[in-house]
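Rule-based calculations on the coordinates, nothing more; no lab input. Everything quoted here is computed from the prediction, not taken from an experiment. Here the Cβ is made from the backbone with ideal geometry for all residues, glycine too, and neighbour counts use every protein chain on show.
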C-alpha cells in the first residue's frame, strides 16, 4: 500500500464566530477575512510540512486546486508542486490536480505537468478533477451544461499532446488548435499515471473503470461512508472485465496520531472541529446547482461530498437549539463516525488496514494537517505516521497486486545531481 | 381540445402541448418549461385561440439536444422548434429565457414572429441594477424567487400524485434536465450582446413585467422599451413575480389578446 501526504492548505485564522456570522466558506466568503501576512506564514509553513513528510516515510506528497475559498488555498497546485519538485527529491508528487475545464486551452496543463515530470525526473502523478461546483461554475463561471464535455475534451487533448509522436491538429468543440506540439514532453512513457479525484459521480466510476485510470474518492466522512461509493466503482471495474486491483483506487482520510488515544483526542480536537465546522461551511445554494450532476448520478441518488457537507451544515443551523440543535458538529461525533482516525500508532495502523481492506484501496491520501493545526503539531502527527504507522501497513496488498499506476522515474544514474552549496 | 404530442427533432423528439381552437398563438416558455397544460395556456385558449406550446430541447419532456453548446446553438434550435411546431410567422408569447431567445431569433430572422408579447426577458445587464442569480440558492430558494406565490409553479416543482415510484425518479431527472437547460441559458451572467442586436427586431412587441419580479428588476422594462424599435405596449402586472403568466395567468392572457397588432 502506498500512502501520500496530502495538503488542502486551509486558511488557518477564520474567526470563532465564522459559522454563525458568514454563510459560506466558498464563493462569496468575505474578502476582508483574508490577511496576506497570515498567508505568507501559512504557505511557508505548509510547504515545510510537505517537505518534512517527504523525509519520514511517505511515498508521495499531494496538492490540489480550489478557488475563491478558505477551505483550500491552492488556486494553482502546479506552483506548490514546482517548489516540491526541487525540495522533495525522493517521493512521488501527485497533483490532484488541475481542473482541466478551467484552462483555455488545457494544453497549458499538459505543458506544465510535463515540466514537472521533467524537473522531477518522472515522479509526477497527473490528477484531473472536474472540480467542485463552487470552483468551476460559480467562481470560474463555467456553464453547467458544457462543463463535463469540456473537461473530457480537455483530458483527451492533454493525453494526446503527451503521447502523439508528431505535431497534430485538434479540432474539438471547445479547443481549436491547428498545431499541437507539447514542449516539453513528460519523462514517463507513454505518459504519467492519471488519477481522477471524484466526489461520488456515477459517470466518473464508469469512465475510470473503462479507461483504466485510478479513481480517487475524496471523502470527508470516513471509510464507512465511502463503502457504497467504492463498491459502485469496483462494480464498474468488474463489469469492464478487469481485476479489482486495489491500486486502481485511492481514498482520502484524516489521521491524528499521538502516544496515546487520550493524547490524540486532546491534540486534534480543535483542528478537527475547525475543519469540519468552518472549512466545510459551504452554503447549500452553491453545492448543487442544476447541471453539475449527470443524469445518471441524479437517477442513482448518490449524494456528492460537498453536497452532503452543505446539507449537514444547513441542517445543523436549522435545528432548534432548545431541541438539542447546534450550529457545529462535535468532535466526538467526528471520531465516532470515523471522519478522523485517531489513536496511538498501533490503533491507527489497525484502523488503516481495516479501512484499506474493506474499501479495497491501495493508495491512501493521508490528511495529517487539517483545519488550523499549526506546523509543530502537523509535523508531530506526520512523524508518528511516517515512523510508527506506515511501517505496519506498507506491505498490505504487496503479496498479490502490482501498482501499475505509480510513477516510473529515471534510474538513479540518469537523475540530475544538485550542485553542492 | 387539449393534447400533448411529440414531434421529431433532429435525432430525438420534442414535446408540444396544445390547447383550444381558433387562431394559432405560440408560447415559448420560461425556466419551468411546460409541465403539461398549465393555467396560462388554458386561460389564453379560452379567448378562442389555439395555443401551441413546444418545450425546447432539455425542457419538460423534450430530449436534451447534445448539439447545444452556445447561445448561437440555442437560437438555431429555437428557430427549428418554431418550424417543427408550425409556429413560424405566428404571434408568439414568450417568457423569461424564452423571451430572450425570441428576441435573439427575431434579430436574425425578423419574419419569424408576426408579433411578440414578451414577459420579463433576460438579455440585458446593468451592473448598477443587476439581475439576480436564480441558481445561487437552495432548490426551495430557486423556486420561490421565480414567482410571487411559490405554489404557482407546483405543477413543475412538486411530485404529481398517483405516480409510481419509478416514474417519480424519472420525473425528477426530467425536472433536473429542465433546470439545467434553464441555467445554461443564463449562466453565469445573462448578457451575451443582445443590446447590440435589438434594433433588428422589427415586429410589434408588447412588454409585460411583474411588479414583484425578484429576478429581473422591473426597471428593465424601460431598458427594453427604449432599445426595441417597435414597442406597441408596456404593462406591469401588480403583485406578480418573474414568471408573470404563472402568477397571473388570466391577466396575462387578457393582455395578450388585447395587445395591438396581436393577430396576424
What is the average number of partner chain Cβ atoms found within 10 Å of a Cβ in B:65-72? 2
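What average count of beta carbons from other chains do you get within 10 Å of the Cβ of residues in B:167-176? Please list the in-between numbers first.
Values: counts 0, 0, 4, 2, 0, 3, 6, 2, 2, 8.
Whole-number average of other-chain Cβ neighbours for B:167-176 is 3.
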Part-to-part distance (alpha-carbon centres) for the range A:72-107 and the range A:334-360, which is given in Å: 28 Å
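How much space per residue, in cubic angstrom, does the convex hull of the C-alpha atoms of the range A:4-156 take up? Walk me through the numbers on the way to the answer.
Numbers: hull volume 17.3 nm³, N = 153.
So the per-residue hull volume is 113 Å³.
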Please compute, for the alpha-carbon atoms of the range B:1-50, the extent along each of the three principal axes and give them in descending order in Å. 36, 22, 14
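Cα-based Rg of the range A:24-97 per 2.2 N^0.38 Å, rounded to two decimals? Provide the component values of the computation, followed by the final result.
Numbers: Rg = 13.5 Å, N = 74, 2.2 N^0.38 = 11.3 Å.
Dividing the Cα Rg of the range A:24-97 by 2.2 N^0.38 Å gives 1.19.
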Mind checking which of A:33, A:280, A:107 has the largest fluctuation in a GNM of chain A, springs on alpha carbons under 10 Å? A:33
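Hey, what's the per residue convex hull volume over the C-alpha atoms of chain A, in cubic angstrom? It would help to have the intermediate numbers written out before the result.
Values: hull volume 63.3 nm³, N = 421.
Looking at chain A, the number lands at 150 Å³ per residue.
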Working note, the range A:99-237: Cα radius of gyration (Å, one decimal) and Dmax (Å, whole number) are 15.7, 49
Taking only Cα atoms and a 10 Å spring cutoff, compute GNM fluctuations for chain A and point out the largest among A:160, A:32, A:408. A:32
What are the extents of the Cα atoms of chain B along their three principal axes, in Å, largest first? 50, 41, 36
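Assuming a viscosity of 0.890 mPa s and a temperature of 25 °C, what translational diffusion coefficient in µm² per second does Stokes-Einstein assign to the range A:225-369, Rh being the Kirkwood radius over Cα pairs? Show your work: numbers first, answer last.
Details: Rh = 17.3 Å.
Estimated diffusion coefficient is 142 µm²/s.
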Mind jotting down the three principal axis lengths of the range A:139-186 based on Cα atoms? Whole angstrom, largest first. 34, 21, 14
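Looking at the protein assembly as shown, send over the antiparallel percent of its DSSP beta bridges, to the nearest 5.
Percentage antiparallel, nearest 5: 25.
How high is the relative contact order of chain B, given as a whole-number percent (alpha carbon pairs under 8 Å, six or more residues apart)?
22 percent
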Fewest Cβ neighbours within 10 Å first, please rank A:162, A:207, B:74 accordingly. A:207, A:162, B:74
Where both residues lie in chain B, what percent of DSSP beta bridges are antiparallel, nearest 5? 35 percent
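Normalising by the residue count of chain A, find the relative contact order in percent from Cα pairs under 8 Å and 6+ residues apart. Could you put the intermediate results ahead of the total?
Details: 795 pairs, mean separation 93.7, N = 421.
Relative contact order comes out at 22 percent.
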Most mobile of B:89, B:22, B:33 per a Gaussian network model of chain B (Cα springs, under 10 Å)? B:22
Spread of Cα-to-Cα distances over 5 Å intervals beginning at zero, given as percent, for the range A:76-174: 2, 13, 23, 21, 17, 13, 7, 2, 0
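Which whole-number value in Å³ per residue fits the convex hull of the alpha carbons of the range B:119-161? Intermediate results must be reported in sequence, preceding the final value.
On the way: hull volume 4.2 nm³, N = 43.
Enclosed volume per residue, from the Cα hull, is 97 Å³.
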Cα centroid separation, the range B:188-262 to the range A:178-249 (Å): 49 Å
Show log10 I(q)/I(0) for the range B:1-136 at q = 0.12 Å⁻¹, two decimals, from a solvent-free Debye sum over equal Cα scatterers. -0.45
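Indicate, rounded to the nearest 5 percent, the antiparallel portion of the DSSP beta bridges found entirely in the range A:75-223. Please list the in-between numbers first.
Working: 3 of 13 bridges.
Just about 25 percent of them are antiparallel.
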For residue A:160 and residue B:83, what does the FRET efficiency come to when R0 = 30 Å and r is the distance between their Cβ atoms, rounded to the nearest 0.05? 0.15
Cα centroid separation - the range A:110-169 against the range B:79-134, whole Å: 37 Å
Where does each of A:236, B:197 land when they are ranked from fewest to most other beta-carbon atoms within 10 angstrom? B:197, A:236
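Just rank A:22, B:242, B:38, fewest to most, by other beta-carbon atoms within 10 angstrom. Show your work: numbers first, answer last.
Numbers: A:22 18, B:242 27, B:38 24.
Least to most surrounded, the residues fall as A:22, B:38, B:242.
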So, for the Cα atoms of the range B:68-115, Rg and Dmax in Å stand at 9.8, 29
